[in-house]
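> Below you'll find the structure I mean.
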Amino acid sequence: MLTTTETRFNELFEKYVAPMGKSETLAGELIRAAAKLRYDFFNNGMGNNTSGAINFLGEYGVFPKYFDDETFQTIHHYTRGRIYNGRYDNDSLHCAIDSMLERTVEYVDTHELTLKNTTDFPDMYDLQEDELHFCEECDDVLDSTNESGMGHICSYCYDHYEEDEDYCY
């Protein structure tokens, strides 16, 4: 059963989001950005680079002072390649996604008239950050100096597992 927020979100999505490409209104782009984050959470474990979507919501008012906002920070932490391995059972990221959806709906409903007529704004992909790669074992950021050549495992974890004869690559 859909919550009131999800029902309203779906109504706003139908009203403002273009079937393909960038929406014609800022309201549509805000809803599209929230939909992108929600979809990636539930369908891909945040496996895609969705930093542009969360940054777009921050830049255009859903998260005032967004770099200090806990919901923003929780979601942003997973938008550049870090995989969510949670249980989708109201943990901090799940709650942040729900909060982001509620705040986006509230923001669009509160500012709907001004958001309908705004046409000069960048695409959310203009705000996208570079994707990062993370060690599958320790979750450290990988860079060219610590990649093991064995997928997404840092050299420390690779060396550690190399000593464990039961470990399979």
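A short reminder: the numbers here are calculations on the coordinates, not readings from a lab. Note that the structure is predicted; figures quoted are calculated from it, not measured. Please note: Cβ atoms are built from the backbone with ideal geometry, for glycine as well, and neighbour counts cover all protein chains shown.
> Would you mind putting 97-106, 124-133 in packing order, based on average other-beta-carbon counts within 10 Å, highest first?
Packing proxy ranking, top to bottom: 97-106, 124-133.
> Report ³J(HN,Hα) in whole Hz for each residue of the stretch 131-136, in order, from the Karplus equation J = 6.51 cos²θ - 1.76 cosθ + 1.60 where θ = phi - 60°; Gly and Pro get x.
The phi angles translate into 6, 10, 10, 10, 5, 6 Hz.
> Compute, for the stretch 1-119, the length of the dipole vector about the Cα centre, with Cβ point charges of +1 (Lys, Arg) and -1 (Asp, Glu) only. Units Debye, rounded to 20. Kindly include the intermediate steps, with their values, before the conclusion.
Details: 12 positive and 17 negative charges, 79 e Å.
The dipole of the stretch 1-119 has a size of about 380 debye.
> Answer with a single label: of (1) 1.16; (2) 1.37; (3) 1.20, which was calculated as Cα Rg over 2.2 N^0.38 Å from the structure in view?
(3)
> List the residues, sorted by chain then number, that are 5 or more residues from PHE134 or on another chain and whose placed amide H is less than 5 Å from its amide H.
So PHE134 has HN proximity to LEU142.
> Counting other Cβ atoms within 10 Å of each Cβ, which trypsin sites (Lys or Arg not before Pro) in the stretch 1-53 have at most 10 and sit in a DSSP loop?
Details: sites: ARG8, LYS15, LYS22, ARG32, LYS36, ARG38; in loops: LYS22.
Of the trypsin sites (Lys or Arg not before Pro), not one in the loops of the stretch 1-53 has a Cβ with at most 10 other Cβ atoms within 10 Å.
> What percent does the relative contact order of the stretch 4-127 come to when contacts are Cα pairs within less than 8 Å and at least six residues apart?
Averaging sequence separation for qualifying contacts and normalising by length gives 33 percent for the stretch 4-127.
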